[in-house]
Structure formats: C-alpha cells, structure tokens
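Right, one structure below, let's go through it.
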Amino acid sequence: MKSSAISSSIAACAAAACLFAYVPTATASDDTVTSTRSFPSITTVRKDLTVESTSTQVDEDADWGSIESLDVPQTQSQAEKDAEAQAQAEEEAEAAAQAAEQAQAASRNSSRESLSSSSWTDAGSSSSSGAAAAVDRAYSLIGASMDCTALVTAALAARGISFQGWPEDYLNVPGGYVVTDGSLQAGDILIYADTGGWNGGAHYDHVALYVGNGQAIHGGWNGSTVALASAMTNKLTAVVRIP
C-alpha cells in the first residue's frame, strides 16, 4: 500500500514538471524569431484509491464463526446452586420417608400374617380397683358416639392414666405389660392388628376394653357407636394389663 502511494506521488510530480517545460523553435519567416512551447502528450493513470482502501475490508457475510457456534459453558449463580441443592435434598428426604413408611407397612402386614391362633381364657374379675373403675366408665359410655381409641382413653382416665394414640400405641400404656399366658381379666386392653378395618396397613385396626365373660366394650362399633359385644379373641393380637 505504501509503495503504491509513493509511485503515485512520483508520477504526479513528473507530470507537473512537464507542464512547465518548453522547447524553443525558430522560424525564418519575416526575420522574426518566435518561440513556441511544446507540451508532450502524457497519459496519467490515476488509481482508484477508494477501491484500494476498501479492498482490505472484511466481507460482512464472511464466515468468521458466530457466537451460536461457540461451545460456551453455562454457569449458575450461587443462589441457583443453593436452590438446586435444596430441592435435591428435599426429594431425597421425601423418597427416604416413603421408603420407611412402606417398610413399616410391610412389617405390620408380615406380623399380621404370622399371628398365632392362641386361645384366650377368662380368668375372672381383676382385684384391681383401677380396673373396676375403667370397666364402670366404659359401661357408662355405651351408646355414645366415639371411636375405639377415645373409648379406651376415657376408661384409662377413670383410673388416673392420661394416654391416647393409635391402637398399636396402647401396647405402651404407662404401668401396663403385655399378657403372655393367654388369660383375660376385666379391665384388660384388647389390641387387634387386623379386623378387616379401614386402616389398610398404616396402623392397627382396633382397640377395646375387656369386661369379662368373653365380652368387651368397643368404641366405633358399626361405625361410631360404643357397644358391648364379643371380645373377638380369634382376632386378638395382644392384651395389655395394668395391675
């Protein structure tokens, strides 16, 4: 580019010098000497500098690669990372809880299937005043509208024990123990894992209060009523006695 500019300058200077040069000539007419100027014919080639200057421009449509073609890794802000980690932790905790619940339900179903068909026998009335108070309270509630756990809770309250829970929770009544000799006494708590009820494996189905002679008082009988009925010893899972 510089070489072309220098050549153009030299050519321009040469053309200017020629414009001012002249060659004197003489003619013999009338003894008068005249001088004339002779201008050489010069053809000047002028370069189109605009073309030269634009010849180095980059074609706008040239394929230099677009930003879409670049493999730029996407980064996350710290807040986005924290939110993603929290969501993942919550999903894992929920999955663990569901697995634990399923395992617990499977364990209950297994225990129900392995229940023994031990025969329970009536051992007569208990000598415990607390048991008698519980039985009296249960009898007083016959015909009332309450479920099985509410009935047993009310009977326990009559003997000074404050306790409530799901049917299986009554295995842990304060001061009580699980009967293992097959005997039944009035005031005993009867616990049933499976009576064909609605709990569907989540909890034991039923709890009642034994009142003697093969009978028990049940809450939630036929849906919601407290009633005196069979102790259903063939479906018993456990019996809890409070001395």
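We did not get these values from a lab; they are worked out from the coordinates using the rules stated. Small disclaimer: the values here were computed from a predicted structure and weren't measured. Backbone-built Cβ (ideal geometry, glycine too); neighbour counts: all protein chains shown.
Note that the stretch 173-183 has calculated 3J(HN,Hα) couplings of 4, x, x, x, 9, 7, 6, 10, 9, x, 8 Hz, one per residue in order, obtained from phi through the Karplus relation 6.51 cos²θ - 1.76 cosθ + 1.60 (θ = phi - 60°); glycine and proline are x.
For VAL211, the residues whose amide H sits under 5 Å from its own are GLY187, ALA216, ILE217, ignoring neighbours fewer than 5 places away on the same chain, with H placed 1.01 Å from N. Taking amide H atoms as placed 1.01 Å from N in the peptide plane, the amide H of TYR204 lies under 5 Å from those of GLU168, each 5 or more residues away in sequence or on another chain. Spin-label model, ALA144/ALA79: points 7 Å from Cα along the beta carbon direction are separated by 5.7 nm.
For the stretch 145-243, what class follows from the C-alpha gyration tensor (a ≥ b ≥ c being the square roots of its eigenvalues): rounded when a/c is under 1.5, otherwise prolate if a/b is larger than b/c, else oblate?
rounded
Taking 7 Å steps out from each Cα toward its Cβ at ASN213 and THR180 produces label points 3.3 nm apart. By the count of other C-beta atoms within 10 Å, a proxy for reagent exposure, SER125, SER162, SER230 are ordered fewest to most as SER162, SER230, SER125. Assuming R0 = 25 Å, what is the FRET efficiency of GLU94 and ILE161, from their Cβ-Cβ distance, to the nearest 0.05? After rounding to 0.05, the efficiency reads 0.10. Among VAL173, VAL207, sorting on how many other beta-carbon atoms sit within 10 Å of each Cβ, with the fewest leading, yields VAL173, VAL207.
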